[in-house]
Each structure stands twice: as structure tokens, then as C-alpha cells.
1. For segment 37-52, enumerate the residues that are in a helix (DSSP H, G or I) and exposed (fewer than 11 other Cβ atoms within 10 Å of the Cβ).
2. Output the residue which, of all residues in segment 142-163 that are surrounded by 14 or more Cβ atoms within 10 Å (Cβ to Cβ) and small (Gly, Ala, Ser), is farthest from the chain's Cα centre (by Cα).
3. With the requirement that a residue be exposed (fewer than 10 other Cβ atoms within 10 Å of the Cβ) and of a type in the set (D, E, K, R), what does segment 105-126 give you?
Amino acid sequence: MSRFESLDPILKWPVLRQARRRDLTALGDSAFSERSMTLTPRTSEADRVVKSICPYCAVGCAQLVYVKDDRITDIEGDPDSPISEGCLCPKGAATFQLVTGTHRVHDVLYRKPYGTDWETIPLEKAMDMVAERTKKARDDAWEHTADDGSPLRRTRGFAHLGGATLDNEENYLIKKLFTALGAIQIENQARI
């Protein structure tokens, strides 16, 4: 029998326990309940911890991603990070909800040109459509040489505007990809 089971239900009320034990700050024994005595952190049962970087800005705050049964159970700041020393801003602290929230869209929505309705399509089909349209835009606007015969090997058929949630590595790869495709208009809104 625990010490809480023996108490009369009225005496279990925290304010009465606090007054009876003369615990004016409520930082002592009166602050505990049967439930709080058995609580454990979500991180204590993780199978593994994966180091990651917060996706929201270019600061690069390190995160610890706790995983159990291949599901994320918690995301916290990494105290070993020389950048953030375990601290996360409100957006970084909400990364867990970004990854696991029920509001997160898991389908690709597509609206045909001049259409008014959205339809759900498979991700593979959407990726193929993006690749086909990128190649067509590239081929249609390809400039192999200038008027004087000097090589250009570029296209003005598309551009890329990156976002502040991209980290340095993603921006590096995007720059390499779009340069290899011949794009010359590559920008990032984080500079604006």
C-alpha cells in the first residue's frame, strides 16, 4: 500500500496536504501525487537516439531524435551542440509535432490546368510529373550557344527559390542540381 492510498480522499487534495505539512512553497512532498511518482520521461524507453539538425532556419541547432519501434517518441535539443547547447526556439521545440502531427498531409494533391478540383495522386506519379515538366521546360528554353558562338549551355525555362527551412547541406545539393540542369536563376529567400 502506497502512502497515497492510505489518505482519506479529502486529504489527498494538494492544498490540504501542503497546509498540513507546512510546505508553503509546495516544492516538497506535498507537490507529489501517486501519478507523478510513477512518471518517466518519454526518452527513457527509446530504442535509439538519432542526432539531427532543426529544419527551420540557418542557425543549425542540433537535435536528439528519440526512436522506439521505428517511431519518433520525442525530439529535444542536443546539449553537446556548440551552437545551441541544448536549447531550441519555439519552432525547433515544436519539431516533434511537425513530424508526428495528425494535421500533416501525407498525400499529394494535384489540380489539373484550368481545373477547379484537387485530386489525390500517388507520390511516385507526382515525382514523375515534376521530372517530365522540368525536362520539357529545360529542353524548350535551352540555349546551347550565344549569337557569337560562345558556349552558354543554360536555360531560363525555370528557376529555383529556396526557403529558410533548408539547411546548408540541402542548399548545397540544390545549387549543384540546378546548376547541372543549366538553370541560372537560383536564389534563396533567406537572403531577402
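1. MET37, THR38, SER44
2. Step by step, filter segment 142-163, then rank; the result is GLY157.
3. LYS112, ASP117, GLU124
Taken together, the values in this text are just the output of simple stated rules run on the coordinates, not laboratory data. None of these values were measured; they are calculated from a predicted model. With ideal geometry, Cβ positions are generated from the backbone for all residues, glycine too; neighbour counts draw on all protein chains shown.
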